[in-house]
Amino acid sequence: MTATAANTSDAMASAPGVRSATDVDWRRSANIGGILGITAVFIGLVGMAVGLDKRMLIDPVLSLGYLFVLAIPLIGGWIAAREITLEGMTAPIKGARDIVAGAVAGLVGGAVVAMFLVMLNAWDLQELLPNWSDALLDMYTFGQGVGVGIVLVLVVGLVLGAIGGAVHVIPAKPRRLLSIAVQWVISFAVLEAVIDDLLGGFGLQAVADVIYARRGGLLIIPGLIIGAIAAFVAHRFEGKGAELKTQYMELEPERKNQVSKQGLIIMVVLGIVLPIFLGKIVNELLSNVGLFILLALGLNVVIGRAGILDIGYVAFFAVGSYMMAFLTSPLAPWRESDGILSAVFGWLPVLNWFVALPIVVLTAAIVGVLIGTPVIRMRGDYLAIVTLGFGEIIRLLFLSDWLAPTFGGAQGIRSIPGVNLGFAEINGTDPRAVFYLVAIFVAIAIYVSSQLETSRLGRAWMAIREDESVAEAMGINTVTTKLFAFVVGAILASFSGAIFAAKVGSVFPNSFELLVSIIILVVVIVGGMGNIPGVMMGAVVLIGVLGGPSQPGLLQEFSEFKLLIYGALLVFMMLKKPEGLIPNAARNRELHQEEALQDAWLKGDKPGTTKDEVDDAGPAPSAADIDGSLGLGGATS
Amino acid sequence: MAATTSAKPTGPTPVKNKKKSVFQTNNWVDIFLTVVRLVAIGIIGLGFTLFVIQQATGEGLSSEALRNLIVAGIAQGAMYGLIALGYSMVYGVLGFINFAHGEVFMSGAIAGWIVSDTLFKNGLWESNFIVSLLIVLTVSVFVSTAATILMERIAYRPLRESPRLIPLITSIGVSFFMQNAVLGLIGPSSKNFPALPEWLSKKRGFLGIELEGTKLLVLFVAFVSMAGLWFFVERTKTGKAMRAVAEDKEIAALMGINVDRIIITTFAVGGAMAGVAGVLWGLLFRGVSFLTGFLPGIKAFTAAVIGGVGNLGGSMAGGLILGVAESVGPLLILEPLGIPGVSQLKDVVAFSVLVLVLLFKPSGLFGERLSAEDRA
């Protein structure tokens, strides 16, 4: 993105002026430096630095913890040297000045950390702050002791800040290749478990042994080779992707359909074949991701499509799981208690998963209506809090002694059988089978939500999200329409819950805490509200890499800090990229309307700019971005 | 789907002649809401009647036990009220729910623990309690005020013009972040405030009721803070500016009021109150942890709604009402219905109050005070 911005601004520079190296906004650099230092101290004190140090990324030079800590001055230097050029303004020439700006920020950050190190050395506050430890001191001084360490910290801050600033100076093309190479190397290091597993599955364990060190982490020379290959490939095929895309866009509609279908078939075949070669861990990971894709697709209908902020969404997941457990577990507490339930339903045999599923879905739909009906007319923010209230009420009731004879209280419901197919049983011991099961339901969910998107109902949802009063005036029954969104969301969540119950084999109230709702919310928002591929991608990246509420992800060392990261991510996304990574076109327009208008105005164009022109212009910052914040504005078309 | 059928062209004939089914007119929602209301009233009424009968036959609670419950409820409610002020003021000025306000309260409580623990080890806590309490209060208020100001500056200010739900989602993120940051900083275990000195915590008579000193102290501090806040909002120039901004931001700006500064002040004052509440929470319940903020935060929001959002006196009253309802409710209404383990259902009662109030009386008992644009 920056590359395109730089390209256009270079092209538009009419009167280049070379600035001296001291022409730096000192105060801004110093401020950024201060923030850098505080961030580094914070990461240290919450225990992230030391906790993540255990995971080697590149053996033996770089651990995940150091990557985190060292990335701070690098990014800070980059930010400090960044200048925002408005459309139509002359872009400043990048040069020594940017390196100085970055270096100053890095140095100030280093100074803050150095001060912290002095305090860390002098006082002992470990009783109050558990991470106020020697391990942290050791790590931040690179194991050299305080004296040398402080000098080192300053030097490292200075150098990395300068490098961060220098990124702007490198011409666009090498910068792109370099960034691709770095991305690939880090991906290879982070995805070690998957790649190892995959190579093992194809009988190439020997390759994995060459690439990765025995105690984990990419080895240096294979890392360099991977980076070089990635850069070479990127260089060789530069622009090919865009070319293919235009080719595809120019195809006849029928041919286009055909091509999409072929693509879909390839994906499906890959989805069926690939898990056979994958090991247990990765399959387990994939099935967890699948469960969250289901949940996220459901919440996507509620939030992304109908614009209802439901933060008690976990309630439907809980209802799905509990209902499945209730019907299929031979040891369900209500069968043994002598309450009304066992008297009335005592004849009910222990059901098969598939027989129970329609009942589970129906129950979830009913609960959806029961919760949805009263809240549907409230204003958005009160609705959010009330749904949260309902979610907590449902969890607390499952937990209470009052309903313990029915739902087992804190003990939950145990020995839930797997999914009985007649010839085999799918349960948690075979993650591959679970993955296939989840995949089928994910496919159903994708089909249903994409069909709903273009249906009359989907358009009604969109109209409501844009403007409820207008939608009502156009003859849309807003109450029933919104209620449908609630019910569709509830049903998708109950699918996920039903599979979850069969997979785990037991359900407890504390699997359904508020944080599950929030994690699903983060997944939907990071992926891109209202956009099915976006939401799926969000689930894959977040749940796959960081992990779910109680499921570990690829970076297991993160499990302690993932919630912290989820929170920070939610704030960051809302501030910088509320439309998500893969935005929904309509929502994007809604959120960036101002910017689009401004661009059009600055270019002196009428609003009807052709699509190509807008694409060429790349992201243009809004007025809000100009005052020194990150301007990841996103495409405006 | 009802919308499909109702969209048919009706022609020039007047619509009133056409009979619509219940589902087309959405009357069924009203019917449903009425049923919910009746069920709620029925449960409360039945429980209460049974309670009265039990009291009359002498097998219920002793009057002393009941009085203790009410006093405990008031003490807890005073804290809800203090936290609710922050929600209420911010909602009044900006029209959004600062979901992370509970975490501001928690940060005050944690800061209070750190300072009081240190003072306890120094011996100052025992030797001169009043001074140490003042130190603890000052630090806690400082920390939670700083937390809100940072929050406003980093997370909320850039979003002031965005669609309504965006700052709410952001504040959920901030809340989550703060919770887990504190978890990382001080660890998962619950931390205990040092015990109060004997002369303070012993029971004493007050207006004819035997009261623990701690509760008296809590009520006293809450009352003083509330009075200070009232003075600030109603009698100072900044308070007047604050009310003006709450009424209409643009006009206030035209009158020469620095809206940004007033908004920060609003956040800061709310944060300070939450800091006081944090220390009081620590003194009363002693245990604080990174999760301390969540439930009181939600409940304080309920209190703010009960009292009418934007209405400061209402928030305090709403806090007291909620505190008492939560403390007495389970025993008064659920216990007589024969439900076991009612003390576990305390939070269910609080959440039910939240849901019922938002459903049936979202403008609160004492009336909202919101600017015109937020009343929609």
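Conditions (1) open to solvent by less than 10 Å² (accessible area, probe 1.4 Å); (2) of a type outside the set (G, A, S); (3) under 12 Å from A:L294 (Cα atoms); (4) touching an Asp or Glu at 6+ places or on another chain (Cβ under 8 Å), marked per residue:
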residue	(1), (2), (3), (4)
A:T480	no, yes, no, no
A:V487	no, yes, no, no
A:L492	yes, yes, yes, no
A:F495	no, yes, yes, no
A:P509	yes, yes, no, no
A:L521	yes, yes, no, no
A:V524	yes, yes, yes, no
* Quick one: would you say A:V545 is under 14 Å from the mean Cα position of the chain (by Cα), open to solvent by 10 Å² or more (accessible area, probe 1.4 Å), away from every other protein chain (no Cβ under 12 Å) and within 24 Å of A:A433 (Cα to Cα)? -> yes
* Taking A:V153, is it open to solvent by less than 60 Å² (accessible area, probe 1.4 Å), assigned by TED's automatic domain parsing to the domain that holds A:I79 and either touching a residue at least 12 places away in the same chain (Cβ under 8 Å) or under 17 Å from A:P60 (Cα atoms) (or both)? -> yes
* Residues being without any contact (Cβ under 8 Å) to a residue 12 or more places away in the chain and of a type in the set (F, W, Y): count how many of those fall in segment A:40-75. => 1
* Would you check if there is a residue in segment A:161-180 being under 25 Å from A:F558 (Cα atoms), open to solvent by 30 Å² or more (accessible area, probe 1.4 Å) and touching a Pro at 6+ places or on another chain (Cβ under 9 Å)? => no
* Asked: Of all residues in segment A:420-439, which are touching a Lys or Arg at 6+ places or on another chain (Cβ under 9 Å) and assigned to a helix (DSSP H, G or I)?
  -> A:P431, A:R432, A:V434, A:L437, A:V438
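Okay, residues lined up against (1) in contact (Cβ under 8 Å) with a residue 40 or more places away in the chain; (2) open to solvent by 60 Å² or more (accessible area, probe 1.4 Å); (3) in contact with an Asp or Glu (Cβ under 9 Å, 6 or more places away or on another chain); (4) away from chain A (no Cβ under 14 Å):
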| position | (1), (2), (3), (4) |
| --- | --- |
| B:V136 | yes, no, no, yes |
| B:S162 | no, no, no, no |
| B:L168 | yes, no, yes, no |
| B:K215 | yes, no, no, yes |
* **Matching residues, segment A:392-413, being within 9 Å of chain B (Cβ to nearest Cβ) and open to solvent by less than 30 Å² (accessible area, probe 1.4 Å)** => A:E392, A:I393, A:L396, A:S400, A:A404, A:G409
* To do: Can you give me the ranges of the helices (runs of 4 or more DSSP H) entirely in segment B:171-275 with at least 3 residues that are within 20 Å of the chain's Cα centre (by Cα)?
  => B:213-235
* For segment B:307-328, which residues satisfy the criterion of being open to solvent by less than 10 Å² (accessible area, probe 1.4 Å) and in a helix (DSSP H, G or I)? -> B:G307, B:G314, B:S315, B:G318, B:G319, B:L322, B:G323, B:E326
* Report, ordered by the first and then the second residue, all pairs with beta carbons closer than 6 Å, sequence separation of six or more or different chains, a first member in segment A:475-501 that is more than 9 Å from chain B (Cβ to nearest Cβ), and a second member that is in a loop (DSSP other than H, G, I, E, B) and open to solvent by 10 Å² or more (accessible area, probe 1.4 Å). => A:A501/A:I416
* **Contacts under 7 angstrom Cβ, first residue in segment B:266-292 being of a type in the set (A, V, I, L, M), partner open to solvent by 20 Å² or more (accessible area, probe 1.4 Å) and in a loop (DSSP other than H, G, I, E, B), 6 or more apart** => B:L283/B:L196; B:V288/B:S190
* Asked: Checking B:L150 against (1) in contact with a Leu (Cβ under 9 Å, 6 or more places away or on another chain); (2) within 12 Å of chain A (Cβ to nearest Cβ); (3) open to solvent by 20 Å² or more (accessible area, probe 1.4 Å); (4) part of a helix (DSSP H, G or I), which test does it fail?
  -> (1)
* Taking the options A:I340, A:I303, name whichever one is within 14 Å of chain B (Cβ to nearest Cβ) and farther than 30 Å from B:I166 by Cβ. => A:I340
* Structure fact -> Selection from segment B:177-201 of residues open to solvent by 60 Å² or more (accessible area, probe 1.4 Å) and within 17 Å of B:L133 (Cβ to Cβ) yields B:N192, B:E198, B:W199
* Structure fact -> Inside segment A:567-584, the number of residues satisfying the requirement of being part of a loop (DSSP other than H, G, I, E, B) and open to solvent by 10 Å² or more (accessible area, probe 1.4 Å) is 6
* Condition met for B:L134 (closer than 27 Å to B:T266 by Cβ, of a type in the set (A, V, I, L, M) and out of contact with any helix residue (DSSP H, G or I) (no Cβ under 8 Å at 6 or more places or on another chain)) -> yes
* To do: Could you tell me whether A:P349 is at pLDDT 90 or above and open to solvent by 70 Å² or more (accessible area, probe 1.4 Å)?
  => no
* Can you tell me which residue in segment A:53-112 is least open to solvent (accessible area, probe 1.4 Å), limited to those that are acidic (D, E) and either in contact with a Cys (Cβ under 8 Å, 6 or more places away or on another chain) or not in a loop (DSSP other than H, G, I, E, B) (or both)? -> A:D98
* Given the conditions (1) exposed (fewer than 14 other Cβ atoms within 10 Å of the Cβ); (2) farther than 21 Å from A:A71 by Cα; (3) touching a residue at least 12 places away in the same chain (Cβ under 8 Å), report the number of the one that A:L198 does not fulfil. => (1)
* If you take the residues in segment B:116-131 that are in contact with a Pro (Cβ under 9 Å, 6 or more places away or on another chain) and either of a type in the set (D, E) or open to solvent by less than 60 Å² (accessible area, probe 1.4 Å) (or both), which one is nearest to the other protein chains (Cβ to nearest Cβ)? -> B:D117
* Looking at (1) more than 13 Å from every other protein chain (Cβ to nearest Cβ); (2) more than 28 Å from A:L403 (Cβ to Cβ); (3) in a loop (DSSP other than H, G, I, E, B), which is the only condition B:F290 fails? -> (1)
* To do: Test B:N98 against the criterion of being at pLDDT below 85 and surrounded by 14 or more Cβ atoms within 10 Å (Cβ to Cβ), and give yes or no.
  => no
* Asked: Mind checking which pairs have a first residue in segment B:226-238 that is more than 13 Å from B:T266 (Cα to Cα) and a second that is surrounded by 15 or more Cβ atoms within 10 Å (Cβ to Cβ) and of a type in the set (A, V, I, L, M), Cβ under 6 Å, 6 or more apart or different chains?
  -> B:M226/B:M316
* Could you pull out the residue among B:I263, B:I257 that is under 30 Å from B:V136 (Cα atoms) and surrounded by 16 or more Cβ atoms within 10 Å (Cβ to Cβ)? => B:I263
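The values are calculated or read from the model by the stated rules, or taken from the named source; none is laboratory data. Quantities reported herein were computed from a predicted structural model and do not represent experimental measurements. A quick note on method: Cβ atoms are made from the backbone with ideal geometry, for glycine too, and the neighbour counts reach across all protein chains shown. When the accessible area is computed, the model is the full protein with side chains, heavy atoms only, and any ligands, DNA or RNA have been set aside. Shrake-Rupley method; radii C 1.70, N 1.55, O 1.52, S 1.80 Å.
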